[in-house]
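Student: Sharing a structure here in structure tokens format.
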Amino acid sequence: MAKKSIKDFRPKMPTRDEMERNRWLAPIAHRFSRSELWRFTRRSVPRGAALGLFAAFIIPVGQIFLAAFLALPARANVPIAALITFVTNPFTTPFWAVVANKVGRFVLKLDAATVGAANAQLESGRWESYGWFLEMAGVTAFGFMVLSVITAAVGYLLAGFTWRILVARKWSRRPGRRKVLNPAE
């Protein structure tokens, strides 16, 4: 299953040459040519997953470029970081906005008394008709920041755990692998 999904996405991933030719990346294109950023290793894949998820939730547009820039100093896998940013896309953004709003409300513990006091203060100024929007936007933006940190940490752990399982399964299926006998036998 994992091999099939990687084969499906590999043609869609940006290549080193495409990254080097990109006009926005021209000043740092020489750094993208390092092979360690394109190899799938046990350390680079979880880093790429974490950076991709962080970039996906922290800004609404340009996540791929942010993930690629963050992958340079972290020595993370650039294709994985770029691919995982597609968790947030135009079709899933409304869902993630609702989740971010709920997370922001939970973390900030906004209740009716707090919102009422904030709205009363906003109504006294020229922003009276926009009070509900400003409150909702602030809570949602804070929720997106919390989501970016939490999903990056969970993504790092899941990618590392999945990597270990895949490698262990691959090693167990190698031809010529001797089975270790139980010493009690």
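Student: According to a simple spin-label model (label point 7 Å from Cα along Cα-to-Cβ), what is the distance in nm between ARG75 and TRP24?
Tutor: Placing both labels 7 Å beyond Cα along the Cβ direction yields 2.7 nm.
Student: For the pair SER172 and VAL107, how long in nm is the line joining their label points, each one 7 Å along Cα→Cβ?
Tutor: 3.8
Student: Next question, about the same structure. If each residue's Cβ is checked for other Cβ atoms within 10 Å, how do SER44, SER148, SER172 rank with the fewest at the top?
Tutor: In increasing order of surrounding Cβ atoms, one gets SER172, SER148, SER44.
Read-outs throughout are calculated quantities, based only on the coordinates presented, and are distinct from any laboratory measurement. Worth saying up front: this structure is predicted, and the values here are computed from it rather than measured. Virtual Cβ from ideal backbone geometry, glycine too; neighbours counted across all protein chains shown.
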